[in-house]
Amino acid sequence: MRLLLVVALILTAALLVASFAGAEPLPPNELGRVMILEYHKIDYPEARWTRTPENFRRDLETLYARGYRLISLGDLIDGRIAVPAGTTPVVLTFDDSSPGQFRYLEANGTAEIDPKSAVGILEAFADARPDFGRAAVFFVLPAADPPNRLFNQPAYEGRKLQYLASRGYEIGNHTLWHANLGKYDETIVRGQIASAQEWIQRHVPDYKIRALALPHGVYPKDVSWALSGSVKGVTYSHDAILQVSGGPAPSPFSRDWDAVRLPRIQALEEELRHWLVYFERNPGERFVSDGDPSVVTVPATLRARLRSDLRNLRVVER
Ligand SMILES: [Zn+2]
């Protein structure tokens, strides 16, 4: 990854950028951490692996009100953070392609997206709040047992994947049927990953899958098996591997950034609240954008934490 970036080196107290309405402006800090939120079922009732549609919508409202803005996982990986000055990027991920994540309802001969499915909620929210952004990654299971097989509406599988890709959402690899990759040898691990991609690309032939979410959070014995390979003519290459827990991710500009081991936050009531409160109390640890994706703004005191391989940086002191 080549990044052409300018580092604007500033003292945090010296510059307060314009920020979102109703909240205290935060100075830019693009070495702060970023939440990658992990959802499973969007359904009833609320449970360990289930968020209700109402609670999911409320999560979006809470994030928006607190100055978070959606970015794609790809943009995070690429360090292309295009959110307004004073706001914080957040990534939404959905694992296991359960029905409530994306459902079509049929009525009068037409099919419409269920407004209570995650995609319906995201679409409505993005229409109402265009500056929130429209982004989420769906780590789907192409050959799991129902109901987790590609959102569980066989007649709409292709249409759904095509819709996601066309609307700027992302599709990720989660293996063919949620295989625990730590249990298997190289042939099976690679086969699971390549086959999952092949199934997805039957519906969206040109779609480039960039990330794998580990089923159960378990790495294969050799991580390189999951990163890239070729099986029976199917070539896969991942820029990121996502875990199932671990807290907020480091900034992509930080020395701590490791795309092969990206932690996530399970979007449960308690855990989400914990981290939102944490960043309210520790605003200096939160990624806050300078509003310019071509510039990396960091507090002078944190300069040593910048990645050393960002070779093309130009340092600008203010
Ligand atoms: Zn899963």
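A short reminder: the numbers here are calculations on the coordinates, not readings from a lab. As the structure is a prediction and not an experimental result, all values here were calculated from the model.
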query = In degrees, nearest 10, range 0 to 90: what is the angle between the Cα axis of helix 157-166 and the longest Cα principal axis of the chain?
reply = 20 degrees
key: Length released on extending from ASP78 to ILE188, taking residue separation times 0.36 nm less the Cα-Cα span   = 36.6 nm
inquiry  = Helix 269-281 against the longest principal axis of the chain: what's the angle in degrees, Cα atoms only, rounded to the nearest 10?
reply    = 10 degrees
note = What one gets for the range 201-318 as the Kirkwood radius, inverse of mean 1/r over different Cα pairs in Å, is 17.3 Å
request  = For the chain, with a Gaussian network of springs between Cα atoms less than 10 Å apart, report the residue from PRO154, PRO28, PRO293 with the top mean-square fluctuation.
outcome  = PRO154
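Provide, as a two-decimal number, the C-alpha radius of gyration of the chain over 2.2 N^0.38 Å, N being how many residues it has.
Numbers: Rg = 19.7 Å, N = 318, 2.2 N^0.38 = 19.6 Å.
Normalised Rg, Cα atoms only: 1.00.
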ask   = What residues qualify as long-range amide H neighbours of ARG286, i.e. H under 5 Å apart, gap of 5 or more or another chain, H built at 1.01 Å from N?
value = ARG33
ask   = At q = 0.15 Å⁻¹, what is the log10 ratio I(q)/I(0) for the range 62-207, with the Debye formula run over Cα points and no solvent?
value = -0.82
note = So the angle from the long Cα axis of helix 53-65 to the longest Cα principal axis of the chain, reported in degrees to the nearest 10, equals 20 degrees
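How high is the relative contact order of the range 110-229, in percent, with contacts defined as C-alpha pairs under 8 Å that are six or more residues apart?
On the way: 146 pairs, mean separation 29.7, N = 120.
Here the relative contact order equals 25 percent.
Which translational diffusion coefficient, to the nearest whole µm²/s, is obtained for the range 68-107 from the Stokes-Einstein equation, given a Kirkwood hydrodynamic radius over C-alpha pairs, 4 °C and 1.567 mPa s? Working shown, then result.
Numbers: Rh = 12.4 Å.
For these conditions, the coefficient is 105 µm²/s.
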task = Tabulate in residue order the Karplus-calculated ³J(HN,Hα) for the range 132-141, using 6.51 cos²θ - 1.76 cosθ + 1.60 with θ = phi - 60°, rounded to whole Hz; enter x for Gly and Pro.
result = 6, x, 9, 6, 5, 10, 10, 8, 9, 10
remark   = Taking placed amide H atoms and a strict 5 Å upper bound, the residues 5 or more places from VAL137 or on another chain that come that close are LEU92, THR93, PHE94, GLU170
ask   = Quick one: length gained pulling GLU61 to ARG167 fully straight, 0.36 nm per residue minus the C-alpha distance?
value = 36.1 nm
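Compute the relative contact order of the range 76-162 as a whole-number percentage, counting only Cα pairs closer than 8 Å that sit 6 or more residues apart in sequence.
Values: 100 pairs, mean separation 29.0, N = 87.
For the range 76-162, the relative contact order is 33 percent.
Counting only helical runs of four or more DSSP H residues, what would the 222 nm mean residue ellipticity of the chain come to if each run contributes -39,500 (n - 2.57) and the total is spread over all its residues?
Values: 7 runs with 75 residues, N = 318.
Per the formula, -7000 deg cm²/dmol.
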query = Residue by residue through the range 209-223, which ³J(HN,Hα) values in whole Hz follow from phi under the Karplus form 6.51 cos²θ - 1.76 cosθ + 1.60 (θ = phi - 60°), with glycine and proline marked x?
reply = 7, 9, 9, 10, 9, 6, x, 6, x, 9, 7, x, 4, 10, 4
remark   = So, relative contact order of the chain in percent, Cα under 8 Å, 6 or more apart, is 29 percent
